[in-house]
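The values are calculated or read from the model by the stated rules, or taken from the named source; none is laboratory data. All of these numbers come straight from a predicted model, not from anything done at the bench. Every residue, glycine as well, gets a Cβ built from its backbone with ideal geometry; the counts of neighbours run over all protein chains shown. Just so you know, the surface numbers come from the protein's heavy atoms only, side chains and all, with ligands and any DNA or RNA stripped out. Shrake-Rupley method; radii C 1.70, N 1.55, O 1.52, S 1.80 Å.
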Amino acid sequence: MVSEDIRGQVLSYLQGQAAKLSYSELADRVETALDDLEGLLRPMSDEQARFSAGPDEWSSREVAGHVAMYAPSVSQLIGLLDSGEDGAYYREQGMPPERPSGEHEPLAALAVARDELEGLRRRFADRDPNTEKTFPHPFFGELNAREWTLFLRVHAIDHTNQVKANVAHADYPA
């Protein structure tokens, strides 16, 4: 769980940066975070990608799968908010499962997230998204379309740190 202090810092970051940066700059920051994650995943063998530091920890394959499953949902949510809808679908259905199966090939999974980001870039190439509607993130509260876009960066960084923890673990395969 996220502490109140960290929650407040992340929310302040999301709100502040989303308000001052262009949409292209927001997407650039997300792309950089995805590049960092890919840089860790690219040299991994399948054995390394399947390694988990413990039964409650995710493997790198699970991390990549989660990022791939989450990006289309957030992209669709951003589109709904931009269209002036309130995300009722997600209020009823929820976001994708927290922990994926781990059967995703890591680099192919990241390609899904990149494709979603590219779709958002195209959608907002010549205009900003509507920011009047918001949808609640389970930890950070109400976020608008720009803030949800930047959240994709925070999300990728958080999961990059999970992969780094796996790589740093004493039992990580050579």
V167: accessible area at probe 1.4 Å, nearest 10 Å²? 60
Might you work out the accessible area of D128 for me, using a 1.4 Å probe with all protein chains in place, and round it to the nearest 10 Å²? 90
Where in region 116-174 are there GluC sites (Glu not before Pro) that are in a DSSP coil and have at most 15 other Cβ atoms within 10 angstrom of their Cβ? E132
Taking the alpha-carbon set of region 120-174, what are its Rg and Dmax in Å? 16.5, 50
Within a Cβ distance under 15 Å of E132, other residues only, what is the Lys/Arg minus Asp/Glu net charge? -3
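Explain nothing, just the number: relative contact order of the chain, from Cα pairs under 8 Å at least 6 residues apart, as a whole percent. Write out the running numbers ahead of the final one.
Working: 222 pairs, mean separation 65.5, N = 174.
This gives 38 percent for the chain.
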Could you state the number of Å between the C-alpha centres of region 1-63 and region 138-162? 8
If all Cα-Cα distances of the chain are sorted into 10 Å bins from 0 onward, what percent lands in each bin, rounded to whole numbers? 10, 38, 35, 15, 2, 0
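Using a 1.4 angstrom probe on the protein heavy atoms only, could you order D115, D126 from most to least accessible area?
Solvent-accessible surface, decreasing: D126, D115.
Counting only helical runs of four or more DSSP H residues, what would the 222 nm mean residue ellipticity of the chain come to if each run contributes -39,500 (n - 2.57) and the total is spread over all its residues?
On the way: 7 runs with 112 residues, N = 174.
Mean residue ellipticity, 222 nm, calculated: -21500 deg cm²/dmol.
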